[in-house]
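Following: one structure in structure tokens, then a few remarks.
The values are calculated or read from the model by the stated rules, or taken from the named source; none is laboratory data. Quantities reported herein were computed from a predicted structural model and do not represent experimental measurements. As a convention, Cβ positions derive from the backbone with ideal geometry for all residues, glycine included, and neighbour counts pool all protein chains shown.
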Amino acid sequence: MKSITIKLVVLFILSYVNTGLLFSQETLTSEQWQEDLRHLQKTVHTDYPFLFKKIDRSTWDAEVEKLYNEIPNLAPHEVKVGLTRMVSLFEYGHTQIPFSTLAKDAVLPINLYHFEDGVFIEGVQKENQQLLGAKIIKVGDMSIADALKAIRPVVPVENDSYFKAYGLRFLTVPSILHAQGVVPEFSISIPLTLEKNGKVFTHSFTAIALDEMSRDYGFTIPNDTWVSLRKQDATPLFIKDLNEKLYFFEYLEDTKTMYVRQSSVFNDDKETLADFYKRLFTAIDTYDIEKFIYDVRLNGGGNNYNNKALIKGIMARPKINKKGTFFYIIGRNTFSACQNLTNEIENYTEAIIVGEPTAENKNFYGDARRVTLPNSRINAYLSYAWWQDKPEWENKDWTIPHIAVTMTSDDYKNNEDPVLDAALHYTDTDFILNPMEHLTQLFTQGNIEQLEKDALKIAKDPAYKYSDFEKEFGEAGYRLFSQGNTEAGLYIMQLVTKAFPESPGAWYSLASALEQIKQLDQAKENYQKILTLNPSNTLINTVKKRLASLHK
């Protein structure tokens with residue numbers, strides 16, 4: 001009886017807090033919200049016009065105008081979400097209205113993690129611990145896939161890794177779920193359809209204040225009120241002492257491996273990075289080392305001027321700076337100054353990179369300044385510093401690993417680390433670290449049989465799943481074709497259709513090239529093939545127009 005009473009009191013307080021939040025916001029008129037939006041718009045155009053890099057001015061202004069006209073019909077929480085969308089349109093993680101602005105008063109009491117096998121409840125309050133490890137099927141009446149698409153515009157997404165690491169928590173905020181149409185009505189109680197042990201069921205979670213959450217680096221920190229999916233009888237190295245040390249190293253004697261985990265580029269209060277690097281390299285010079293593994297998969301950045309000593313130390317030690325000895329682990333949390341570090345690792349060392357892609361573009365805008373909106377006092381952070389470690393033509397959405405490895409929910413639950421295992425057990429000297437370079441060399445040598453064999457193998461190998469091999473190889477074929485090497489270009493484009501037979505884009509490139517050289521029957525055949533492959537509506541219309549013109 002006592003626990004029920006406590007729960008009722010908590011629910012009453014939450015409802016009061018939520019009502020109070022809405023009431024305080026409703027003291028702003030529509031005109032005042034519109035003034036805030038115009039202030040943001042003017043500030044961007046006057047002081048931050050360089051942010052129009054991934055989105056053009058006219059498109060952004062059109063979105064601003066649309067929100068401006070909608071404001072009189074929106075609830076205050078919908079306006080806040082709308083303002084956040086406007087800032088997130090620039091698609092730089094440092095350029096944002098912070099998550100806490102939307103979530104501080106109402107967030108679902110669960111921690112979600114996007115594992116290889118889906119989105120799961122990774123952590124929860126003890127009263128709901130029977131839900132640990134449940135897979136999310138629906139949010140409200142919307143499928144998890146559609147719900148993720150719906151909330152994505154609110155997140156300052158740099159790439160898919162950023163969304164997995166820093167965006168998934170937006171799925172637990174009732175105000176965002178309502179504003180983005182995931183749930184039809186605003187409520188602090190949200191039903192989720194879950195799957196566990198082969199059973200599908202629905203459970204409603206009532207929101208709590210953000211400061212009641214217990215998590216860091218995307219994972220739950222177990223305590224008196226929170227429990228984690230991960231068994232607590234052991235701790236994988238990548239999260240060992242995670243909340244006590246920003247960095248540490250350990251010599252694994254059985255494999256003669258020096259393992260380092262660095263989860264920040266800021267100095268720890270207990271030891272500066274400069275001192276840590278000195279201690280690390282002294283140990284490296286002392287031990288018999290066959291593998292050197294540097295793990296930054298949870299490193300969200302800091303001060304990139306701290307990177308220099310590490311790079312110099314590695315470059316000065318050929319015994320660790322060589323292929324097959326040095327492994328560098330990246331992941332969805334690798335961001336900001338740690339992207340700079342990753343760029344330098346790529347540029348100056350022989351590291352084999354393992355894990356998931358980074359959360360940051362290789363070149364990016366960072367170092368944001370605060371802009372306070374005059375009426376709501378909401379803080380937006382707008383980036384001003386362009387960090388460019390790569391030539392512009394080498395810029396990419398992220399750094400991809402040479403060897404792609406991800407973690408399943410069972411891996412995490414059982415304290416297994418397939419990413420570290422991939423580095424520890426790497427012995428495949430025949431593994432192709434740079435697929436495009438390898439295939440280009442085979443093509444140049446005229447080794448066509450091996451080229452086709454390796455291309456088809458690479459296309460199906462999950463270790464390359466983050467490589468956009470289809471696009472890169474297809475572009476190489478079309479480039480040859482456009483430069484007059486028709487036969488070679490057609491061969492490469494045909495090879496791409498063999499490697500990716502379900503790709504409408506691959507077939508369209510080939511059909512278009514065949515049409516250009518007047519091989520019309522083959523062009524028609526390939527255009528017809530596209531219509532059987534579930535292409536986009538835009539491509540369907542384009543293909544139908546091409547076919548109609550060829551039948552005239």
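Quick notes on this structure:
- Scope region 285-317; condition aromatic (F, W, Y) and over 20 Å from I353 (Cβ atoms); matching residues: Y287, Y305
- Of the residues making up region 239-251, at least one is in a loop (DSSP other than H, G, I, E, B), of a type outside the set (A, V, I, L, M, F, W, C), closer than 30 Å to V124 by Cα and touching a Ser or Thr at 6+ places or on another chain (Cβ under 9 Å).
- Checking each residue in region 279-310 for being loosely packed, with under 14 Cβ neighbours inside 10 Å and either assigned to a helix (DSSP H, G or I) or modelled with pLDDT under 95 (or both) picks out R279, T282, D285, T286, Y305, K308.
- Residues located in region 343-383, provided they are in contact with a Pro (Cβ under 8 Å, 6 or more places away or on another chain) and over 23 Å from S100 (Cα atoms): I353, V354, G355, E356, P357
- Among the residues of region 222-267, the ones that are in contact with a Pro (Cβ under 7 Å, 6 or more places away or on another chain) and in contact (Cβ under 8 Å) with a residue 24 or more places away in the chain come to 1 in all.
- Once region 253-270 is narrowed to residues that are over 18 Å from T334 (Cβ atoms) and either crowded, with 16+ Cβ neighbours inside 10 Å or β-branched (V, I, T) (or both), the residue that is farthest from the chain's Cα centre (by Cα) is T255.
- Among the residues of region 208-227, just one is in contact with a strand residue (DSSP E or B) (Cβ under 6 Å, 6 or more places away or on another chain) and over 24 Å from Y412 (Cα atoms), namely L210.
- Residue count for region 363-375, restricted to those that are buried (at least 21 other Cβ atoms within 10 Å of the Cβ) and either of a type in the set (F, W, Y) or part of a loop (DSSP other than H, G, I, E, B) (or both): 2
- Residue within region 334-341 that is at positive phi, in a loop (DSSP other than H, G, I, E, B) and modelled with pLDDT of 95 or more present: yes
- Selected residue (criterion: farthest from the chain's Cα centre (by Cα)) from residues of region 496-512 that are among the aliphatic types (A, V, I, L, M) and either buried (at least 22 other Cβ atoms within 10 Å of the Cβ) or within 13 Å of N534 (Cα to Cα) (or both): A511
- Complete set of residues in region 518-537 that are modelled with pLDDT of 90 or more and surrounded by fewer than 13 Cβ atoms within 10 Å (Cβ to Cβ): K518, L520, D521, T532
- Complete set of residues in region 194-232 that are loosely packed, with under 11 Cβ neighbours inside 10 Å and under 25 Å from the mean Cα position of the chain (by Cα): D211
- Filter result (within 16 Å of G474 (Cα to Cα), part of a loop (DSSP other than H, G, I, E, B) and not charged (D, E, K, R)) within region 488-530: F500, P501, S503
- Inter-residue pairs, beta-carbon under 6 Å, first under 30 Å from T427 (Cα atoms) and in region 385-406, second at pLDDT 95 or above and surrounded by fewer than 18 Cβ atoms within 10 Å (Cβ to Cβ), 6+ apart: V405/P418; T406/E116
- Residue match in region 44-57 (condition: more than 27 Å from F163 (Cβ to Cβ), without any contact (Cβ under 8 Å) to a residue 60 or more places away in the chain and among the hydrophobic types (A, V, I, L, M, F, W, C)): no
- Helices (runs of 4 or more DSSP H) completely within region 398-465 that count 2 or more residues being exposed (fewer than 14 other Cβ atoms within 10 Å of the Cβ) and modelled with pLDDT under 90: 435-445, 448-460
- Taken over region 64-96, residues that are surrounded by fewer than 16 Cβ atoms within 10 Å (Cβ to Cβ) and not in a loop (DSSP other than H, G, I, E, B) amount to 6.
- Residue count, region 329-359 (criterion: hydroxyl-bearing (S, T, Y), within 16 Å of N395 (Cα to Cα) and within 14 Å of the chain's Cα centre (by Cα)): 2
- Residues in region 330-355 that are out of contact with any strand residue (DSSP E or B) (no Cβ under 7 Å at 6 or more places or on another chain) and farther than 17 Å from Q388 by Cα: R332, N333.
This table checks each residue for (1) within 28 Å of the chain's Cα centre (by Cα); (2) over 17 Å from Q494 (Cα atoms); (3) assigned by TED's automatic domain parsing to the domain that holds L490.
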| site | (1), (2), (3) |
| --- | --- |
| D430 | no, yes, no |
| F443 | no, no, yes |
| G446 | no, no, yes |
| E449 | no, no, yes |
| E452 | no, no, yes |
| K460 | yes, no, yes |
| A463 | yes, yes, yes |
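- Entry remark, region 467-493: residues being closer than 28 Å to I353 by Cα, of a type outside the set (A, V, I, L, M, F, W, C) and crowded, with 19+ Cβ neighbours inside 10 Å number 3 in total.
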